[in-house]
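The values are calculated or read from the model by the stated rules, or taken from the named source; none is laboratory data. None of the values given here were measured: they were computed from a predicted structure. Ideal geometry is used to build each Cβ from the backbone, glycine not excepted, and the neighbour counts take in all protein chains shown.
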Amino acid sequence: MKFPGKDGVAIELLLVEDSPGDVRLTREAFQEANKNIQLHVVSDGTEAIAFLRHENGYAHVPRPDFILLDLNLPKMDGREVLRIIKTDEHLKTIPTIILTTSVAEADIVKSYELQANCFLSKPIQLDEFDVLVRSINDFWLKRVKLPQQAKNLDGKIP
Amino acid sequence: MSSNVPARTPIQFSGYDERCRALLEAAPDAMVVVNESGKIVLLNLQAEKQFGYLRDELLGQAIKNIIPEGFAERLVADGTRSAAEALEQQIGTGIELVGRCKDGSEFPIEIMLSPLDSAEGVLVTAAIRNISKRKHAESMYRGLLEAAPDAMVVVNAAGKIVLLNLQAEKQFGYLRDELLGQAVKSIIPEGFAERLVADGNRTAAEALAQQIGMGIELVGRRKNGSEFPIEIMLSPIVTAEGVLVTAAIRNISVRKATESKLAETVQGLKRSNQELEQFAYVASHDLQEPLRMVASYTQLLGRRYQGRLDADADEFIGFAVDGAKRMQSLIQDLLMFSRIGTQKMVLRETSSESALQQALTNLRVSIAESNALVIHEPLPDVLANGPQLVQLFQNLVGNSIKYRTAKAPRVEVKASQVAGGRWLFAISDNGIGIEKVHFDRIFGMFQRLHGREEFSGTGIGLAICQKIAERHGSGITVESELGQGSTFSFTLAGTGSEP
């Protein structure tokens, strides 16, 4: 059995983010932090659900080990994406982290109500953003044990 | 002669008692005695004076010569009653008539009649008073009433209108006669009558006394049914007919319109203020995003290409990074400023000591770098918004450290109890101090006293402090002298007091 992040097996990370600038910053920061990360990017909520359900040209994408989700997204809002993931029997075990510029209490509460695994605010300073990405990597991708059972089915939804 | 006129002792004029005559002469009013045919048979000195005749000119003359109308008629019995009967009805009642002097001029008189049985038949004694002065005064009062700029209405205890002025006619659109005797309710439908009527425990006068001098706002109704706002002032007058109430009624349509216009304007100002705060918030929030891109990517550029291009490129990138960072702190301060203005304020019991500790934790880097010493006595619990209080301490202590001299900064935080259950906080330092002329300026938005090379900053920090203090029901003051350090003070409500 192979484990993501170990033995050279890539960690599949889905980033749901509509700002290309943020996508690139995140990509740069994760590259610094961990070469083993395979970053997949979708730019709106509808695409995110299609990706997770292998629909609309996403038939052959892997099931992500980990999701970084922005709240304010075009077409389908991040909150709605979160609600769908966390009420879907096959998706709800994927750790889903909210990464947003919002610091509003209402957004934080709502996200946890919808079972977000954690809520992170994007720091304004680049240095701090780098620190944040490193700590995501250190905690969620190195320390945390991620569920493996779905992976055993070759990345296919049963 | 009627038999029911009580018999009186006949007067013998020929043998008239001198003392009686003296009494007659001394009377302050003109006295005239008239016989049944209306001829004057006796008069006194006052009568001569009032009418301008000599006594002999009047004796035997017809009373009509000096009182042209009304008097003679009162003497003559109509078909069914005798002159005495007619007179009896008048006895004790003052009758207002007109007197005519020898020179033809006329003047108002009041006469009191009394019958007198004598050997020469029934005589009538008339006491005649010149009431010119009273009439004049009355007409002055009448003029005053009519000239009053407000509608004036006098109402009796039954709520009926007994007197009104021209303005009352105008304001309510009635003719005077239409209103006289009418219920005041027909022009002031609600509230007025209630104020007149005594409740079980107090009299109308008492009830009124409470209203005196107070303007009461009610609604007036015109004859055409239209209504308008009025203010009435009531005052009771005690008369022989009972307590009357004078109501001065002012049409306050214009004032009401002005008031509502003012209220509208205030409302509009509040709204535009709110919109402005909202705008500042949204603008700074939305500016933050693209700016984060500019700042992040210029920093990324710097990080990756430092020393790999030429010296110019390094310098240019340096300026771009610096500018972007500065703009970020400006926008963050602006955001904080507008957030403090728009936030709903909930004051809770807060340990000001913990708030200070949190502020010092946030400042730990600059405290360490500057070797600052921050000392304080135990600080009280207060009613405050916790995060804002932390920010207030952080900005003030931060300033004390930033604006330091060559010496290591020493900052002291003190609290002492003052009036109204409030605590006075003072933050003193040994820094560079501020000239008195700048005391007002430093709390203004974007106001800076120093070049960026000297001290960095956005010029919003103290504006934020002032806003936080204001939202805690206080101002913020400064005491300072150039080179002698500064003390910033504000107050906070104690936990025992109402916020």
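Observations on the model:
- Residue count for the range B:236-265 under the criterion of being surrounded by 15 or more Cβ atoms within 10 Å (Cβ to Cβ) and either touching a helix residue (DSSP H, G or I) at 6+ places or on another chain (Cβ under 8 Å) or over 20 Å from residue B:219 (Cα atoms) (or both): the result is 7.
- Yes/no for residue B:261 being more than 14 Å from chain A (Cβ to nearest Cβ) and in a helix (DSSP H, G or I): yes
- Residue selected from the range A:102-139 under the condition of a type in the set (Ser, Thr, Tyr) and more than 10 Å from chain B (Cβ to nearest Cβ), by the criterion farthest from residue A:21 (Cα to Cα): A:112
- Test: residue A:71 is in contact with a Gly (Cβ under 6 Å, 6 or more places away or on another chain) and within 14 Å of chain B (Cβ to nearest Cβ): yes
- Taking the criterion of being in a strand (DSSP E or B) and among the hydrophobic types (A, V, I, L, M, F, W, C), the residues of the range B:415-464 that qualify are B:415, B:418, B:423, B:424, B:425, B:426, B:427.
- Filter pass, residue B:446 being within 24 Å of residue B:325 (Cβ to Cβ) and touching a Gly at 6+ places or on another chain (Cβ under 6 Å): yes
- In the set (1) within 14 Å of chain A (Cβ to nearest Cβ); (2) touching an Asp or Glu at 6+ places or on another chain (Cβ under 8 Å), residue B:333 fails one condition alone, (2).
- Every condition in (1) basic (Lys, Arg); (2) surrounded by fewer than 13 Cβ atoms within 10 Å (Cβ to Cβ); (3) modelled with pLDDT of 85 or more holds for residue B:422 except the one numbered (2).
- Among the residues of the range B:384-392, none qualifies, meaning not one is loosely packed, with under 13 Cβ neighbours inside 10 Å and among the hydrophobic types (A, V, I, L, M, F, W, C).
- The set of residues from the range B:449-482 being surrounded by fewer than 18 Cβ atoms within 10 Å (Cβ to Cβ) and modelled with pLDDT under 85 comprises B:449, B:450, B:451, B:452, B:453, B:454, B:455, B:456, B:459.
- Scanning the range B:336-357 for residues that are surrounded by 18 or more Cβ atoms within 10 Å (Cβ to Cβ) and more than 20 Å from residue B:495 (Cα to Cα) yields B:336, B:337, B:338, B:339, B:340, B:341.
- Check on residue A:7, over 27 Å from residue B:301 (Cβ atoms), away from chain B (no Cβ under 12 Å) and either modelled with pLDDT of 90 or more or under 15 Å from the mean Cα position of the chain (by Cα) (or both): no
- Residue match in the range B:277-289 (condition: surrounded by fewer than 16 Cβ atoms within 10 Å (Cβ to Cβ), out of contact with any Ser or Thr (no Cβ under 7 Å at 6 or more places or on another chain) and assigned to a loop (DSSP other than H, G, I, E, B)): no
- Flag for residue B:312 being more than 23 Å from residue A:29 (Cα to Cα), within 13 Å of another protein chain (Cβ to nearest Cβ), among the acidic types (Asp, Glu) and in a helix (DSSP H, G or I): no
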